[in-house]
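Participant: One structure, pasted below without further comment.
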Amino acid sequence: MSYWAAEKTEDSLVKGSDVIVYAQYLGESIIKIADKKFQMNLGILSQTQVLKGNLPSALVFIKRYNPDAPLSSDMLFFKPGQSGLWFLKKIPDSTGLYQITHPSQYKNISNDSHELKLWQEKLK
């Protein structure tokens, strides 16, 4: 069984997430620091509800793929305006930067869904 085929359990999703938010994907932007020749593609989430963890602002930054990288079957893509429940893992040695590494870490659910209400109860 491949890594992608193995569905994560609810408990492992919760335990493995530093932050769980209901948020809308606003899009992504490439950040370049010229003097260091550093480049990173950041996705931007606008969170409306934090179910686990603490966030200093309504915006959440997630590391995305380098747009020049070849496409791979393990890449996850999101469209601007896409809302759902995000199970985010903090990137080590960073401040306020998160990542998603498995398809189970995003649930495409609406803000008024029964499933979101179940998650809210579970994470109280």
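Participant: Tell me which residues, restricted to region 80-93, are touching a residue at least 12 places away in the same chain (Cβ under 8 Å) and of a type outside the set (S, T, Y).
Facilitator: Across region 80-93, the qualifying residues are P80, G81, Q82, G84, L85, W86, F87, L88, K89, K90, I91.
Participant: In region 49-83, what count of residues is obtained for those that are hydroxyl-bearing (S, T, Y), in contact with a strand residue (DSSP E or B) (Cβ under 9 Å, 6 or more places away or on another chain) and within 16 Å of T101 (Cα to Cα)?
Facilitator: The number of residues fulfilling the criteria is 1.
Participant: How many residues are of a type in the set (A, V, I, L, M, F, W, C) and within 16 Å of N66 (Cβ to Cβ) when one looks only at region 11-37?
Facilitator: 3
Participant: Residues that are more than 15 Å from the chain's Cα centre (by Cα) and surrounded by fewer than 11 Cβ atoms within 10 Å (Cβ to Cβ): find the strands (runs of 3 or more DSSP E) completely inside region 16-124 holding 1 or more of those.
Facilitator: 19-33, 38-52
Participant: Could you list, in sequence order, the residues of region 53-79 that are free of Cβ contacts under 8 Å to residues at least 40 places away in the same chain and of a type in the set (D, E)?
Facilitator: Hit for region 53-79 is D68, nothing else.
Participant: Would you tally the residues in region 94-124 being over 17 Å from L51 (Cα atoms) and free of Cβ contacts under 8 Å to residues at least 24 places away in the same chain?
Facilitator: Within region 94-124, residues that are over 17 Å from L51 (Cα atoms) and free of Cβ contacts under 8 Å to residues at least 24 places away in the same chain number 3.
Readers should treat all values here as calculations from the given coordinates under stated rules, not as data from a laboratory. Just so it is clear, the structure is predicted and the values come from calculations on it, not from any experiment. When we count neighbours, we look across all protein chains shown, and the Cβ atoms used for this are built from the backbone with ideal geometry, even at glycine.
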